[in-house]
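S.K.: Before anything else, here's the structure in question.
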Amino acid sequence: MSNPETTRSLIETLKKSTARRPRTPRSHGTDWIVFGVAAAAAVAFVVWGFVSPDGLGAVATSALDGTITNFGWLFVIAATVFTIFVIVVAASRFGRIPLGKDDESPQFRTSSWIAMMFATGMGIGLIFYGVGEPLYFYMSPPPGTVDGQTPEAIATAMGTTLFHWTLYPWAMYAIVGLGMAYGTYRLGRTQLFSSMFTSLFGERVVNGWGGRVINVLAILATLFGSACSLGLGALQIGGGLQETGVMETVGTSVLVVIIAVLTALFVISAASGIERGIQWLSNINMVLALLLALIVFVGGPTLFILNVLPDAIGAFIGDLPQMASRTAAAGDESLAAWMSSWTIFYWAWWISWTPFVGLFIARISRGRTIRQFVTGVLLVPSVVSTIWFAIFGGGAIGIQERAQEQGDRGAALAQVVEGAPDINFDTILFTTLGALSVPSWVTVVLMVLAVVLIAIFFVTGADSASIVMGGLSEHGAAEPSKKAVVFWGTATGAVAAVMLLAGGDDPAAALNGLKNITIVSALPFVVVMLVLCVALWRDLARDPMVIQGQLARQVLVESVASAVDRHDGEPFELRTVPAPDPEPVSEPGDGPDGDGVPGGATPNGTTPNSTTPDGTTPDGASPGGATAADGVDTKA
């Protein structure tokens, strides 16, 4: 039997959904509470670091031990939950929902969209770890897997690297970007991180102290995540200065100068605006990165690289269950140390990047459907990252393997010393470039190109971060004031300098200092991200397009059930009627009856007393008193 009450309920839900708009008027200018608390925390951290860097380093190490011991499992589980969640959303009925109005076109060309998204999301990390990570895992695989420097180690090295750099990080970015783009462009909310939680806590909470706490956490996570990237960029540029012979040694003071120069560059870029600054730099950097990769591919062990590519993909797919479930409890202290240095560090780093990368890709993704958005955000950067690591990491492994087979220690890129590779991540890229089969002048050009690439990659990421932090501290302003952008850009540089100082003068120790502080600062945001998944699902489930689909299916089911009863089990057919002339689409609440549909129409799209060509009303009965379940003409 039909159930007209279900249809009426869906119609009422649809009315409420189409009228879902923020009721609280938007505020403008600086939110002095959010800005004051976040700025005070940043300044206090900087002062502490300059006054007592050793003390800050000791506290960070202690906090790291507690985080890994007590919450390492949370990072591991959360990363998998985020990936599964965003894939399910895209593949479900939510995938058709546009991130904007129903007829809105994408704001940016697909090529520019991909370039900006990729350069912002992990450009500098690919440069820093593109050679060193696969080579390190080849020489020293994760504990409990395979022996190092063997054919099996190649697959494990590449599969583990792809695990850290492809689907998982971009799934984290996609959740925040999806929530922000949907709330801002579909529902008309502010571009505040807290606004994404409206469906769970209501406008009163997200516009009050609860929302301010979330926004402060988002600013601080962004601050430390982008500062970590700036520190990595400074370390590698310093390594490039050493390898090219510009400087014999690069100490902490030189790194601080490099940070100051990079900070000034990205503040200028950020102040110029998203379209003039970030888009221009992103497009240039994609060309430079393609040129560098092409030369390395041709000048390196080309055939070995081509063989590594499918092997890497197969290893990633085959080892994914083991890698995704690996925790410190599965091994001894060596596994715990490995997890904190690699997998958990990466998950914390990506989570700390989610506020600004997610908000940024939301700003450039207006007009795309959820399925297009998730597909682009997950697959395109993952494919590019896979090719990048195959060329640079695979090329380095090929050079190392060839040196091993020939017994030429001088041609090897690294050696195993006391059970661990002596890889210097600051310089290994330049060492690999020097080992290519190209003329010496080409090597120098490549090294200079790599330094420029690192600098621009950082600028494109960090200026996005300063714009997002400025917007979060100014009630979600799409174009924050230049003073806010300059302040947060300067604060990012200062925090990066302090993080390096906390690690010590040795580059390896400085890198560990960056990692330790990043992991600890990202812990609260893991919980925020998990709650965001629930809030986003609730929002999407109430979207008008979703409810319209449910209503259409319900009407069809009820019509069939009614026809079965009416025709007493005899075969019947459903007939269509001519559609009325199209009328202008009205906004919710614009109809004469205030119900968001043209005057005189019912929410199911029929008009009272309308008839079919055979003279009956659309429900096949008499006018008046019909239910939506009877809204189809049936004939036995």
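The values are calculated or read from the model by the stated rules, or taken from the named source; none is laboratory data. Fair warning: this is a prediction, and the values are worked out from it, not measured in the lab. All Cβ positions, glycine included, derive from the backbone under ideal geometry; neighbour counts span all protein chains shown. All accessible areas refer to the heavy atoms of the entire protein, side chains included, with ligands and DNA or RNA removed. Shrake-Rupley method; radii C 1.70, N 1.55, O 1.52, S 1.80 Å.
S.K.: Hey, rough spin-label estimate for residue 204 and residue 332, points 7 angstrom out along Cα→Cβ, what's it come to in nanometres?
M.R.: 5.8 nm
S.K.: Right, another one. Convert each backbone phi in the range 365-373 into a coupling constant with the Karplus relation 6.51 cos²θ - 1.76 cosθ + 1.60 (shift: θ = phi - 60°), then list the ³J(HN,Hα) values in order as whole Hz, x for Gly and Pro.
M.R.: So the Karplus estimates, Gly and Pro as x, are 10, 4, x, 8, 7, 4, 5, 5, 4 Hz.
S.K.: Follow-up. Applying the Karplus parametrisation 6.51 cos²θ - 1.76 cosθ + 1.60 with θ = phi - 60° to the phi angles of the range 410-420, what ³J(HN,Hα) value in whole Hz is obtained for each residue in order, glycine and proline being reported as x?
M.R.: My calculation for the range 410-420 gives x, 8, 6, 6, 7, 10, 8, 10, 6, x, 9 Hz in order.
S.K.: Could you calculate the FRET efficiency of residue 441 with residue 341 from 1/(1 + (r/R0)^6), where r is the beta carbon distance between them and R0 is 45 Å, rounded to 0.05?
M.R.: Using R0 = 45 Å, I get an efficiency of 0.75.
S.K.: Leaving out ligands and nucleic acids, and using a 1.4 Å probe, what accessible area per residue does the range 96-155 come to in Å²? Write out the running numbers ahead of the final one.
M.R.: Numbers: 2050 Å² over 60 residues.
Here the per-residue accessible area is 34 Å².
S.K.: Give me the number: length gained by fully extending residue 51 to residue 402, i.e. 0.36 nm times residue separation minus the C-alpha to C-alpha distance, one decimal in nm.
M.R.: Between residue 51 and residue 402, full extension yields 121.5 nm more.
S.K.: Run the paramagnetic zone check for residue 149: 7 angstrom along Cα to Cβ, then residues of the range 378-413 with backbone nitrogen under 15 Å.
M.R.: Only 397-413 pass the distance filter.
S.K.: Could I have the simple spin-label model distance between residue 77 and residue 280, label points 7 Å from Cα toward Cβ, reported in nm to one decimal?
M.R.: 4.9 nm
S.K.: Continuing with the same structure: Mind putting a number on the dipole of the range 335-453 about its Cα centre? Charges go on the C-beta only, +1 for Lys and Arg and -1 for Asp and Glu, and I need it in Debye to the nearest 20.
M.R.: 840 debye
S.K.: Collect residues whose amide H, placed 1.01 Å from N in the peptide plane, falls under 5 Å from the amide H of residue 369; neighbours closer than 5 in sequence don't count.
M.R.: 99
S.K.: Would you mind checking 101/515; 101/482; 482/515 for any pair whose Cα atoms are more than 32 angstrom apart?
M.R.: Distance filter (> 32 Å) returns 101/515.
S.K.: Kindly state, to the nearest 0.05, the FRET efficiency for residue 568 paired with residue 9, given R0 = 30 Å and r defined as their beta-carbon distance.
M.R.: E(calc), rounded to 0.05, equals 0.55.
S.K.: Additional query: Round to a whole number: what % of the accessible area of the range 193-315 belongs to carbon and sulfur, probe 1.4 Å?
M.R.: 71 percent
S.K.: Please list, in order along the range 239-247, the HN-Hα scalar couplings obtained from phi with the Karplus expression 6.51 cos²θ - 1.76 cosθ + 1.60 (θ = phi - 60°), rounded to whole Hz, x for Gly and Pro.
M.R.: x, x, 5, 5, 5, 7, x, 5, 9
S.K.: What FRET efficiency do you get for residue 257 and residue 422 if R0 is 35 Å and r is their Cβ-Cβ distance, rounded to the nearest 0.05?
M.R.: With R0 = 35 Å, the Cβ-Cβ based efficiency is 0.80.
S.K.: Taking the Cα-to-Cβ direction at residue 527 and at residue 490 and moving 7 Å from each Cα, how far apart do the two end points lie in nm?
M.R.: Placing both labels 7 Å beyond Cα along the Cβ direction yields 3.4 nm.
S.K.: Would you kindly state how much longer the chain becomes between residue 28 and residue 387 on full extension, computed as 0.36 nm times their sequence separation minus their alpha carbon distance, in nm to one decimal?
M.R.: Full extension from residue 28 to residue 387 adds 124.8 nm.
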